[in-house]
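Comments concern the structure below.
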Amino acid sequence: MADISNEQVDYEVSHDGKVTIVAIRGRLSALHASRIQAALSALPKHGQVYIVLDLSKLTWIDSSGVGALVSLYKLAKAQNGDVKVIGLQRQPKEIFRLLRLEVAFEVCETVEQAISLMNFG
Amino acid sequence: MKNDGMFGAISIIVPCRIEFYDGLATLLQTLCFGIEDVWADQIVSAFNESFNNVVQHSQLQQTDLIEIHFNRDSSQMLVKIIDKGISYLENFNKYQQVHISQSANEHDAGALKEHGMGWTIIYSFMSEVTYERNAQNVLTMIRYLNFDNEAT
């Protein structure tokens, strides 16, 4: 059973060359989605358009959380960027499958694979 | 899944505030004890979306109240949400039709939809979803807990 008690969401940004790696941890739901969406949206606005989303420690996502990721994807793509996803687990993996998000977000096994498959335009 | 004899019902009234979601989800998750993880996640996900819908779109004030019922018996989990916000019959019917048409032709299910993702989650993860509108909105979602009636 997933531990869902009062778990917050947080994120960490790192870089590997031209690629920005965003690790999101915790529960990405309506309570925090707007804060995360604002933070993620700032990346393309600052020219960071090649992005790997590390979701290996994301334990829960709802449609508001998905909206935040989709918003990032659209902003990056609008600037000829690319967004890959790694590490999907359990409930987030099920939501990605149901909403067919893997059609847009290519889901990779590792950061290295995601970077190797990144379309640098 | 075997019947582990886990039954129970919880009824609770909370203010129309998103901050109450985590506590409610914990209650529902606890009532899902013994249910396969993927099914429990689906039930809680559907509740997550329906609660969000009320908080975000009902036009209720944060001091208005939402009535919630969880009821588990040997064969099903029932989740009911009652609120006095604006009617959402139009969206309920609209996205029900979208869900039916997408189920009939999975290739038509577009990626990166802007709207209706919550309803897709609700309709896909629950076995029955009904809506009644009188003086209030009553959304009832049932998930069967046996393989013969599996929702997804």
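Partner shielding of A:72-78 amounts to 1, given as the average count of beta-carbon atoms from other chains within 10 Å of each residue beta-carbon. Once backbone amide H atoms are built at 1.01 Å from N, B:Asn137 has B:Asp83, B:Lys84, B:Gly85 as its partners under 5 Å, excluding neighbours fewer than 5 places away on the same chain. Of B:Asn48, B:Asn93, B:Asn71, the residue with the greatest mean-square motion in the GNM of chain B, using alpha carbon springs below 10 Å, is B:Asn93. If you take all other residues with their beta carbon under 11 Å from the beta carbon of B:Asp37, and give Lys and Arg +1 and Asp and Glu -1, the sum is -2. Peptide A:100-112 shows a mean partner chain C-beta count of 2 within 10 Å per residue C-beta.
Holding the Cα-Cα limit at 26 Å, pick out from A:Lys57/B:Lys80; A:Lys84/B:Lys113; A:Lys57/A:Lys84; A:Lys74/B:Lys80; A:Lys57/B:Lys94 the pairs that are longer than that.
A:Lys57/B:Lys80; A:Lys74/B:Lys80; A:Lys57/B:Lys94
Charged neighbours of B:Val79, selected by a Cβ distance under 10 Å, balance to +3 (K, R count +1; D, E count -1). DSSP bridge analysis restricted to the protein assembly as shown gives an antiparallel fraction near 70%, rounded to the nearest 5. Of the peptides A:98-109, B:9-20, A:28-39, the ranking by mean beta-carbon count within 10 Å, highest at the top, reads A:28-39, A:98-109, B:9-20. For the protein assembly as shown, the spherically averaged projection of the C-alpha convex hull amounts to 14.7 nm². Per residue of peptide A:56-65, the mean number of Cβ atoms on other chains within 10 Å of the residue Cβ is 4.
Would you kindly calculate the translational diffusion coefficient of chain A, applying Stokes-Einstein with the Kirkwood radius from alpha carbon pairs, for 20 °C and a viscosity of 1.002 mPa s, and quote it in µm² s⁻¹ without decimals? Result for D is 151 µm²/s.
Packing order of peptides B:94-101, B:79-86, highest average first: B:79-86, B:94-101 (average count of other Cβ atoms within 10 Å over each peptide's residues).
Ballpark to the nearest 100 Å², how much total accessible area do B and A bury together, probe 1.4 Å? Summed over both sides, the interface buries about 2600 Å².
Between A:Tyr11 and A:Arg25, the built amide H atoms are under 5 Å apart, and every one of these is 5 or more places off in sequence or on another chain. With Cα atoms defining each centre, region B:1-61 and region A:62-105 are spaced 24 Å apart in the structure.
Select from B:Ala25, B:Ala135, B:Ala40 the residue whose mean-square fluctuation is largest in a Gaussian network model of chain B (Cα-Cα springs shorter than 10 Å). The residue with the greatest mean-square fluctuation here is B:Ala135.
For A:Asp16, nonlocal amide neighbours, meaning residues 5 or more places apart or on other chains whose placed amide H falls under 5 Å from its own, are A:Ile21.
The values are calculated or read from the model by the stated rules, or taken from the named source; none is laboratory data. Source: prediction; values computed, not measured. Heads up, the Cβs are rebuilt from the backbone with ideal geometry, glycines too, and the neighbour counts pull from every protein chain shown. Protein only, heavy atoms only, side chains kept; ligands, DNA and RNA dropped before computing areas. Shrake-Rupley method; radii C 1.70, N 1.55, O 1.52, S 1.80 Å.
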